1. So, residue 19, is that one in contact with a helix residue (DSSP H, G or I) (Cβ under 7 Å, 6 or more places away or on another chain) and either modelled with pLDDT of 95 or more or assigned to a helix (DSSP H, G or I) (or both) or not?
2. Here are some residues: 35, 7. Which one is surrounded by 10 or more Cβ atoms within 10 Å (Cβ to Cβ) and not in a helix (DSSP H, G or I)?
3. Among the listed residues 70, 97, 101, 63, identify the single one that is part of a helix (DSSP H, G or I) and surrounded by fewer than 10 Cβ atoms within 10 Å (Cβ to Cβ).
4. Report every pair of residues separated by at least 6 positions or lying on different chains whose Cβ atoms are under 9 Å apart, first residue within the range 1-16 and at pLDDT below 60, second part of a helix (DSSP H, G or I).
5. Would the range 65-76 turn up any residue that is within 30 Å of residue 12 (Cβ to Cβ) and either more than 26 Å from the chain's Cα centre (by Cα) or free of Cβ contacts under 8 Å to residues at least 40 places away in the same chain (or both)?
């Protein structure tokens with residue numbers, strides 16, 4: 001059963017009693033059927049809106065993912081270049097030469 005967050009059980013009973021008094025018992029099934037159709041249509045429209053929103057934002061999400069991926073790739077490449085440069089034996093040799101010159 002669908003639970004409506006804004007209507008309590010006692011309020012539903014009061015609504016049913018008022019509808020029963022206003023329209024009579026013979027029209028209650030028709031009214032309930034129309035309410036059911038209305039709720040079904042409301043759910044359909046809600047789902048359509050949600051689907052449309054998802055479709056319209058998909059391009060934006062794809063662009064953000066692509067930019068994020070490119071940034072991560074560039075950061076990893078830059079980190080690798082720095083590590084490669086720091087591990088290079090010529091740099092270590094230059095540092096030792098400078099150290100030797102300073103001690104002199």
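1. Details: in contact with a helix residue (DSSP H, G or I) (Cβ under 7 Å, 6 or more places away or on another chain): yes; either modelled with pLDDT of 95 or more or assigned to a helix (DSSP H, G or I) (or both): yes.
The answer is yes for residue 19.
2. Numbers: 35 fails: not in a helix (DSSP H, G or I).
Unique residue meeting the criteria: 7.
3. Working: 70 fails: surrounded by fewer than 10 Cβ atoms within 10 Å (Cβ to Cβ); 97 fails: surrounded by fewer than 10 Cβ atoms within 10 Å (Cβ to Cβ); 63 fails: surrounded by fewer than 10 Cβ atoms within 10 Å (Cβ to Cβ).
The unique qualifying residue is 101.
4. 2/39; 4/12
5. Start the filter on the range 65-76 by keeping residues that are within 30 Å of residue 12 (Cβ to Cβ), which leaves none.
No: zero hits.
The values are calculated or read from the model by the stated rules, or taken from the named source; none is laboratory data. All figures in this text were calculated on a predicted structure; none of them were measured in a lab. Please note: Cβ atoms are built from the backbone with ideal geometry, for glycine as well, and neighbour counts cover all protein chains shown.
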